[in-house]
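K.L.:
The structure under discussion is supplied below as structure tokens; questions concerning it will follow.
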Amino acid sequence: MSWLKDSILDILFLGIIVSTFFYDSNTTYIIIWAYTGLLLISKLLALFVPFLRKRTKSTTTPDIVYHIIYIASFGILFFIEKWYLAICWVIIWALSVILVSMQKKEKESN
């Protein structure tokens, strides 16, 4: 359960996204857009910068936890018709899958 500490921020933002399902607030969408943008940029940087890719793998959180968070975020945003945010979360999810496969290949080659 030490991985819970590593993924608490992602779980918190999933909670914020879930809250938009029940309570529509412009402030909440601004917060979600900011976090989505930062996460998208970090995934893109990790894709091209090997140092960052190694740093992202230092977490003990199982990959499946992040996949569940990303698909749940996409599903909620898609359902409440926030199309651009939903597309961003699909991209984040796809980049996550690519990064995991790259990390596995790097691990096998070492």
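K.L.:
List the pairs whose first member sits in the stretch 81-100 and is touching a residue at least 24 places away in the same chain (Cβ under 8 Å), whose second member is of a type in the set (Asp, Glu), and whose Cβ atoms are under 6 Å apart, counting only residues at least 6 apart or on separate chains?
P.N.:
Partner pairs satisfying both residue conditions: Val100/Asp63.
K.L.:
Can you find even one residue in the stretch 49-59 that is more than 25 Å from Leu4 (Cβ to Cβ) and either touching a residue at least 12 places away in the same chain (Cβ under 8 Å) or in a helix (DSSP H, G or I) (or both)?
P.N.:
So the first thing to find is which residues in the stretch 49-59 are more than 25 Å from Leu4 (Cβ to Cβ), and the list is 49-51.
Then keep just the ones that are either touching a residue at least 12 places away in the same chain (Cβ under 8 Å) or in a helix (DSSP H, G or I) (or both); that gives 50-51.
Looking through the stretch 49-59, at least one residue is more than 25 Å from Leu4 (Cβ to Cβ) and either touching a residue at least 12 places away in the same chain (Cβ under 8 Å) or in a helix (DSSP H, G or I) (or both).
K.L.:
Still on this structure, please answer the following. Name the single residue that is farthest from Thr61 (Cα to Cα) among those in the stretch 1-25 being out of contact with any helix residue (DSSP H, G or I) (no Cβ under 8 Å at 6 or more places or on another chain) and at pLDDT 90 or above.
P.N.:
Going through the qualifying residues, I end up with Gly15.
K.L.:
Right, here's the next one. Can you tell me how many residues in the stretch 16-49 are within 20 Å of Ile91 (Cα to Cα) and of a type outside the set (A, V, I, L, M, F, W, C)?
P.N.:
So in the stretch 16-49, the residues within 20 Å of Ile91 (Cα to Cα) come out as 16-18, 29-49.
This time we only want the ones that are of a type outside the set (A, V, I, L, M, F, W, C), so: 29, 35-37, 42-43.
Total meeting the criteria: 6.
K.L.:
Name the one entry in Leu47, Leu38 that is under 18 Å from Leu12 (Cα atoms) and of a type outside the set (Val, Ile, Thr).
P.N.:
Leu38
K.L.:
When residues of the stretch 1-22 are filtered for being among the hydroxyl-bearing types (Ser, Thr, Tyr) and part of a helix (DSSP H, G or I), how many remain? Can you show your working first?
P.N.:
Residues of the stretch 1-22 among the hydroxyl-bearing types (Ser, Thr, Tyr): 2, 7, 19-20.
Retained after the next criterion (residues that are part of a helix (DSSP H, G or I)): 19-20.
Summing the residues that are among the hydroxyl-bearing types (Ser, Thr, Tyr) and part of a helix (DSSP H, G or I) in the stretch 1-22 gives 2.
The values are calculated or read from the model by the stated rules, or taken from the named source; none is laboratory data. What you are looking at is a predicted structure, and each value in this text was computed from that prediction instead of being measured. In this analysis, Cβ positions are derived from the backbone assuming ideal geometry, glycine residues included, and neighbour counts consider all displayed protein chains.
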